[in-house]
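Read the structure below first, then the notes.
The values are calculated or read from the model by the stated rules, or taken from the named source; none is laboratory data. Just so we're clear, the structure is a prediction, and the values are computed from it rather than from any experiment. Quick reminder, even Gly has a Cβ in these numbers, built from the backbone with ideal geometry, and neighbours come from all protein chains shown. Heads up: the accessible areas ignore ligands, DNA and RNA and are worked out on the full protein's heavy atoms, side chains in. Shrake-Rupley method; radii C 1.70, N 1.55, O 1.52, S 1.80 Å.
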Amino acid sequence: MTKRSPHAMTVVIKLGTSSIVDEKTHEPLLPILTLIVDTAVKLRKSGHRVVLVSSGAIGVGLRRMDVDHRPKHLSQLQALAAIGQCRLMSLWDGLFQHLEQPIAQILLTKNDIADRTRYLNAQNTFNSLLDMGVIPIVNENDTLAVSEIKFGDNDTLSAITAAMIHADHLFLMTDVDCLYDKNPRSNPDAKPIEVVEDISEIVADVSSAGSSVGTGGMGTKLIAARLGTSAGVTVIITRSSNPGNILNIVNYLTLQSRAGTPDDEVEELSLIASSTSLNLMAPSGPSDGPPLHTRFLPSSEPIRDRHFWLLHTLNPHGTIYIDQGAHRALVNKAGLLPVGVVDVEGNFASHEPVRIVVVNRLPTPGPDGKMRGELEEEVGRAIVNYASAEITRIMGHQSHDIEEVLGYADSEYVANRQHVVFFRKDSRPPTPVQTPAQTPAITPGQTPLQTPGA
Ligand SMILES: N[C@@H](CCC(=O)OP(=O)(O)O)C(=O)O
């Protein structure tokens, strides 16, 4: 087992398909992979815990089978992923082997972690591997995943992984340095966005699509940033062709977080930096400081563990509409009583996750100033004590009537308070990923962000 340094950070590095294989030839991009391996091992040697989230199975499979284009059929994609994943891992293992760094493969589907026990098992396995000094390499289990149980893109998978293991930093490596306030290609005065404090305040131009072999793009990175920061992870977008930036940024952030700590500790960190051939005092960015990147600051009230799991890893099976009184009661820590339920949608069983939507029946002025009779807002998620058919029968009733209505009463609550979780402003789930042409701005707000591709 490796002894943990007091300054050890847990760092997740996500590499998309376009950083792993050439977009046209699908040949592995060995220079980038080698530099990532070098960086990951240096981080390990500095005492940090490292997880790689590596796409590329389908890309490597395309090369192996000499197929030019990503096929449309799911079973063909899954077959290519099965072919490519073992070659991808053998590529990583070969490179890490040179530096005597053990690795492990973890393949996940959303279904694997929707079950609480399996989620905890995955978390324990990650922790054991990290304690053993191993670098886990994660990918979606493409061969098994169908749309209902898919994370969909590895940006989201990396954010869920980072949240699960309480990572300090998540690096989303991409083909641009950072986000800009304007498109830098057409606006020479475009300024890099270095720090994003509140992701819900920004409008993102997400027209930078993913590569022709991957599924992600800048839109999914912002979604991942929202997920990661809500769980207390600092999310960083930086250029994948220069993985050495990761070391500089981690050391910069470590020093920054220890500002005001005794000199001997800072000296120790500087020694770590110099042992990894870094000169913290010599900036490689455009101004004093770390290399160019966009850093999304973590929430000061992170949603972790059970609450994160409930909000983000479960696909809701239906919706319960509640009135404002029930909402107030939930906010004040009471359970959800049937009397506060006004409608039910979907077909779900007891103990399944559902959306909680508050219905405001009082006429209220809409954003355009016009009065609206009814406003609905999804406020959170819950695991219910009753099935949809049962809730439809008991809604609007007092709890003491449940037995009379159903013939039995398993609980006085439709959902116990500890099984209800509310979204915070920064953690509301995003709308499903759409194609770039359809993708709207992520959140209405003040600051437009752009990428050079936009
Ligand atoms: N799991 C898939 C990759 C998913 C995907 O396309 O992710 P990305 O390249 O990050 O947009 C694979 O290994 O090919």
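Here the calculated FRET efficiency for Asp198 and Ala259, from their Cβ-Cβ distance with R0 = 25 Å, stands at 0.65, rounded to the nearest 0.05. Averaged per residue, the stretch 319-366 has 48 square angstrom of accessible surface, using a 1.4 angstrom probe with ligands and nucleic acids left out.
With a 1.4 Å probe rolled over the protein heavy atoms of all chains, the accessible area of Arg304, Arg381, Arg361 falls in the order Arg361, Arg304, Arg381, largest first. Compared with the direct C-alpha span, the chain from Val146 to His351 gains 71.5 nm at full extension, assuming 0.36 nm per residue. Counting Lys and Arg as +1 and Asp and Glu as -1 over every other residue whose Cβ lies under 15 Å from the Cβ of Gln105, the net charge comes to -3. Rounded if a/c is under 1.5, else prolate if a/b beats b/c, else oblate: with a ≥ b ≥ c from the C-alpha gyration tensor eigenvalues square-rooted, which is the stretch 14-134? Oblate, because a/c is 1.5 or more while a/b does not exceed b/c. Placing R0 at 41 angstrom, the Cβ-Cβ distance between Lys182 and Asp343 gives a FRET efficiency of 0.35 after rounding to 0.05. Please report the net charge: other residues with Cβ closer than 12 Å to the Cβ of Gln398, K and R +1, D and E -1. Net local charge, Gln398 excluded: -4. Take the stretch 108-189 with all the other protein chains still there, run a 1.4 Å probe, and you get 37 Å² of accessible area per residue. Under the classification rounded if a/c is under 1.5, otherwise prolate if a/b is larger than b/c and oblate if not, where does the stretch 77-124 fall, given a ≥ b ≥ c as square roots of the Cα gyration tensor eigenvalues? It comes out oblate by the Cα gyration axes. Distance between the pseudo-spin-label points of Val405 and Asp93 (7 Å out from Cα toward the beta carbon): 5.7 nm.
Each Lys or Arg adds one and each Asp or Glu subtracts one; over the other residues with Cβ under 14 Å from the Cβ of Arg63, this totals -1. With both residues required to sit in the stretch 290-360, DSSP beta bridges show an antiparallel share near 55%. Computed about the Cα centre, the dipole magnitude for the stretch 1-145 is approximately 420 debye when only Lys and Arg (+1) and Asp and Glu (-1) carry charge, each at its Cβ.
When Met395, Met89 are compared by accessible surface with a 1.4 Å probe, the order from highest to lowest is Met395, Met89.
Per-atom-type breakdown for the stretch 1-151 gives carbon and sulfur 53% of the accessible area (1.4 Å probe, protein chains only).
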